[in-house]
Every structure is written in structure tokens, then in C-alpha cells.
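Colleague: Okay, handing you the structure first.
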Amino acid sequence: MSINWYPGHMHKAQKEIKKRLPEVDMFIEVLDARIPYSSENPMLASIRGDKPCIKILNKTDLAEEDKTKEWQRYLEQKNNTKTLALNLHLPNKSKQIFSLCRKFVPNKGTKISPITCLITGIPNVGKSTLINTLSGRSIAKTGNEPAVTQTQQRIDLGNNIILFDTPGLLWPKVENKDSGYRLAVTGAIKDTAIDYEDIAYYAAEYFLGHHPDMLMQRYELEELPRDETALLEAIGRKRGALVSGGRVNLNKASAIFIHEYRNGTLGNVTLENPTSVEIEIAKTEKMIADKEAKKANRKANWKKKR
Ligand SMILES: Nc1nc2c(ncn2[C@@H]2O[C@H](COP(=O)(O)OP(=O)(O)O)[C@@H](O)[C@H]2O)c(=O)[nH]1
Ligand SMILES: [Mg+2]
């Protein structure tokens, strides 16, 4: 699976954030609680430096509560970082952001010297919803807005805290293949760029391994399908996703499965935990190192032959 994150947009977003940096006291980074690692922007840690950051684990209504807590403990080990788990459909808790801001920047937050926060996050994590919730107004368009916010927004919350909306488009962790899949499964990557069957196989493998009970219950299965294809075929038959001759329309069955995960009807499922992610990172690093070693080896052999 390959995803196009246009280099032009990446460069622009990075430049805009760096330009804003001198006037920003702290960051509010919105993450998807189902994929806290993959929904991080890989450049942000270095851009932020030592400036404080509140990492919001959003959409907790779709995630597993114990895993969200595990991620909070893990993320709070990072420098100057606090976390807050939110479900923006229940907006009250989000006001806790204000007291966290004041704790982080105690010498500001007055009329003449307000606290300024930059809200960042990859598309679809809930930035606009959060801005609207905190401001109590409908300022930012949510949902199907175009991928790139063209205008820089400065939002005065009226309590001596100022928000800046993310300029440009922030990209997620796509260097790692598994992150790409999990971003597609959760809906962070636009559907036009993905193949439902491909990502449904990825999700099917995960569910068969980690949540067989949810599959049995939701699709009223008598026994657990032996593999991904068998699962998608069973879903297709249950839901009448058939083509002529009674065969299952796999693409349709895949779309049903993915949408039922995304909207939570299958159950709350977090797709990554700190340990699984660390193993994955180590694997990816080893693969890159092996590749480099092979290349160096070939080069050396080639020189010897000459
Ligand atoms: N289930 C759930 N959906 C949310 C939550 N917060 C935002 N959304 C939805 O996620 C989608 C993207 O939100 P939006 O604010 O436009 O994201 P942005 O691209 O980061 O600005 C919208 O359909 C929101 O209604 C949440 O806490 N739970
Ligand atoms: Mg938005």
C-alpha cells in the first residue's frame, strides 16, 4: 500500500510552524486514541524542542480504556508533556486543557500577556472539533473540509488564552508500513487513496488475533473463521454482499467491516500499544540496517573485482 503525502504540503506546514514558533508558548497535539503512535507527526518533537505540550488522546469513545491509560503513562515520560484523554462528543472535560495550560506557563495568562497555544495534529483527529468546543463557537469547519487549511486562524478564547490553528497539512507516520495500514483502517487517510480489501485483510488479521469474541458476536458466527478471507466471506454472506452466482463481493464485505470498526459498532479497539510499537520500530530499524549492510557489501565486492 502506498500513500501520497505531497512533499509540497509537508514542507509548507513545517515552515509555517517554525515561523510561528517564537510567539507560541506551548503546543496542544491532538492524537487518535486508537493509534497514538501512528497519528503523531514525526517532525513535531524536534520542532517543539523543550516547549510544553499537551497530548490529547481523542476519540476515547472508540478506544480501549486500559490501553488509553497505558498510552498516557507512556507519553508523559516525554519531556514537558502532559496528556488528556477526551471524547469530544462529551465536551465538558476538554476545559481541563485550560488549567493544564496555566500550570505549564504560570508566568503568563494575563490580559497583557496571554498564553498562546498552537494546536497541531494530522487530518481527521478532531482539531476543528476541539477548537469549536473550547471557544464555544462554530469557528472551524469539521468533518469533510478540504485537506489543507489555507488561512492561519488565531482564536482568542477570551480567558487570556489564545489558540493558533495548525497551518497547512501535517502528515502522520508513514515511513512504517504497519502505521500506514492502521491510519487507513481508522480513517485518517482519505478513502480515495486506499483499497478496502487490502486494509480489511490487515484489520481482519488483527481482530482474529486479538478480538475473536467481538467478531463472533457482531456477525453471529457459529465458529471462528480460519483466516482473513474466510472471515470476510462470512461477513459478506451475513450482510448479503453477494454477486451473481452467490459468491461474496469481497470489496463490499471489506467496506462493511471497516466502517463498522470506524464507527465503533464492532466494539472499542485500540490498534497499538507502547510495547508492540517498540518491537515494530526495532524491526523496521533492523530492516533498514540490513539493507544498508547489503548495499555496502555489494559495493565492496564490486570494488574488489575491478
Ligand atoms: N467518535 C468520535 N468522533 C470524533 C471525536 N472528535 C471528533 N470526531 C469526529 O472526527 C471527524 C474529524 O473531526 P475534525 O474536527 O474535522 O478533525 P480535524 O481534521 O483534525 O480538524 C469529525 O467527523 C468529528 O465529528 C470524538 O471524540 N469521538
Ligand atoms: Mg480541521
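Colleague: Enter the angle in degrees (range 0 to 90, nearest 10) between the Cα long axis of helix 65-75 and the first principal axis of the Cα atoms of the chain, meaning the one along which they spread out most.
Modeller: 50
Colleague: While we're looking at this one, here's another question. Counting only residues 5 or more places away or on other chains, whose amide H sits under 5 Å from the amide H of GLN153 once H atoms are built in the peptide plane?
Modeller: Under 5 Å from the amide H of GLN153: ASP165.
Colleague: Could you grab the relative contact order for the chain? Cα pairs under 8 Å, six or more apart, rounded to a whole percent. All intermediate terms of the calculation are to be shown ahead of the outcome.
Modeller: Values: 433 pairs, mean separation 63.0, N = 306.
Contact order relative to length: 21 percent.
Colleague: Mind grabbing the base-10 log of I(q)/I(0) for the stretch 7-164 at q = 0.10, 0.13 Å⁻¹? Debye formula, identical points on the C-alpha positions, no solvent, two decimal places.
Modeller: For the stretch 7-164 at q = 0.10, 0.13 Å⁻¹, log10 I(q)/I(0) is -0.33, -0.58.
Colleague: How much FRET efficiency would the formula 1/(1 + (r/R0)^6) give for THR142 and LYS295, where r is the Cβ-Cβ distance and R0 is 51 Å, rounded to 0.05?
Modeller: Approximately 0.65, to the nearest 0.05.
Colleague: So how tilted is helix 177-186 from the main axis of the chain? Cα-based, degrees 0 to 90, rounded to 10.
Modeller: 80
Colleague: Right, another one. Would you work out which of GLY126, GLN153, VAL243 lies farthest towards the positive end of the dipole of the chain, given +1 charges on the beta-carbon of Lys and Arg and -1 on that of Asp and Glu, about the Cα centre?
Modeller: Positive-most Cα among the choices belongs to GLN153.
Colleague: For the chain, set up a Gaussian network in which alpha carbons nearer than 10 Å are linked by springs, and say which option among ILE119, ILE288, ILE35 fluctuates the most.
Modeller: So, out of ILE119, ILE288, ILE35, the one fluctuating most is ILE288.
Colleague: Top mean-square fluctuation among ASN107, ASN251, ASN160, Gaussian network model of the chain, C-alpha springs under 10 Å?
Modeller: Of the options given, ASN107 has the highest mean-square fluctuation.
Colleague: Just how large is the dipole of the stretch 152-272 about the Cα centre, in debye to the nearest 20, putting +1 at every Lys and Arg Cβ and -1 at every Asp and Glu Cβ?
Modeller: The calculation lands at about 320 debye.
Colleague: ³J(HN,Hα) across the stretch 128-137 via Karplus (A = 6.51, B = -1.76, C = 1.60, θ = phi - 60°), whole Hz, x for Gly/Pro?
Modeller: These are the phi-based 3J(HN,Hα) values: 5, 4, 5, 4, 5, 5, 5, 8, x, 10 Hz.
Colleague: Next question, about the same structure. Amide H neighbours of LYS55 under 5 Å, counting only residues 5+ apart in sequence or on other chains, H built in-plane at 1.01 Å?
Modeller: GLU29, LYS82, THR83, LEU84
Colleague: Taking the Cα centre of the chain as origin, work out the dipole magnitude from +1 charges on Lys and Arg Cβ and -1 charges on Asp and Glu Cβ, in debye rounded to 20.
Modeller: 1620
Colleague: Need one number: % antiparallel among DSSP beta bridges in the chain, to the nearest 5.
Modeller: In the chain, approximately 15 percent of DSSP beta bridges are antiparallel ones.
Colleague: So what is the relative contact order of the stretch 7-164, in percent, for Cα pairs below 8 Å that sit 6 or more residues apart? Can you show the working numbers first?
Modeller: Numbers: 221 pairs, mean separation 37.7, N = 158.
Computed over the stretch 7-164, the figure is 24 percent.
Colleague: Which FRET efficiency value, to the nearest 0.05, do you get for LYS19 and SER99 by plugging their Cβ-Cβ distance into 1/(1 + (r/R0)^6) with R0 = 25 Å?
Modeller: FRET efficiency, LYS19 to SER99: 0.30.
Colleague: Identify, among ILE281, SER254, ALA296, the residue whose Cα sits farthest towards the positive end of the charge dipole of the stretch 228-297, taking +1 on the Cβ of Lys and Arg and -1 on the Cβ of Asp and Glu, with the dipole about the Cα centre.
Modeller: Of the listed residues, the answer is SER254.
Colleague: On alpha carbon coordinates alone, what is the Rg over Rh value for the chain, Rh being the Kirkwood radius?
Modeller: Expressed as Rg/Rh, it is 1.03.
Colleague: Order of 290-300, 239-249 by packing, highest average Cβ count within 10 Å first? Intermediate results must be reported in sequence, preceding the final value.
Modeller: Numbers: 290-300: 10.0, 239-249: 12.5.
So the order, starting with the most tightly packed, is 239-249, 290-300.
Colleague: Then there's this: Using only Cα atoms and rounding to the nearest 10 degrees, what angle (0 to 90) does helix 196-210 make with the longest principal axis of the chain?
Modeller: 90
Colleague: Work out the FRET efficiency for ASP50 and LYS286 from their Cβ-Cβ distance, taking R0 = 30 Å, and round it to the nearest 0.05. All intermediate terms of the calculation are to be shown ahead of the outcome.
Modeller: Details: r = 31 Å, r/R0 = 1.03.
With R0 = 30 Å, the Cβ-Cβ based efficiency is 0.45.
Colleague: Here's something else I'd like to know. Given charges of +1 on the Cβ of Lys and Arg and -1 on the Cβ of Asp and Glu, with all other atoms neutral, how large is the dipole of the stretch 7-164 about its Cα centre, in debye to the nearest 20?
Modeller: 460
Colleague: Determine the alpha carbon to alpha carbon distance for each of LYS103/LYS141; LYS15/LYS55; LYS15/LYS252 and list only those over 32 Å.
Modeller: From LYS103/LYS141; LYS15/LYS55; LYS15/LYS252, over 32 Å: LYS15/LYS252.
Colleague: When the chain is fully extended, how far beyond the present Cα-Cα distance does MET10 get from GLU175, taking 0.36 nm per residue of separation?
Modeller: 58.0 nm
Colleague: Order of 51-63, 10-22 by packing, highest average Cβ count within 10 Å first?
Modeller: Ranking the peptides 51-63, 10-22 by packing returns 51-63, 10-22.
Quick note: the coordinates plus some simple rules give every number you see, no bench work behind them. On a predicted model such as this, the values are computed, not experimentally measured, just so you know. Cβ coordinates were reconstructed from backbone atoms using ideal geometry, including for glycine residues, and neighbour counts include every protein chain displayed.
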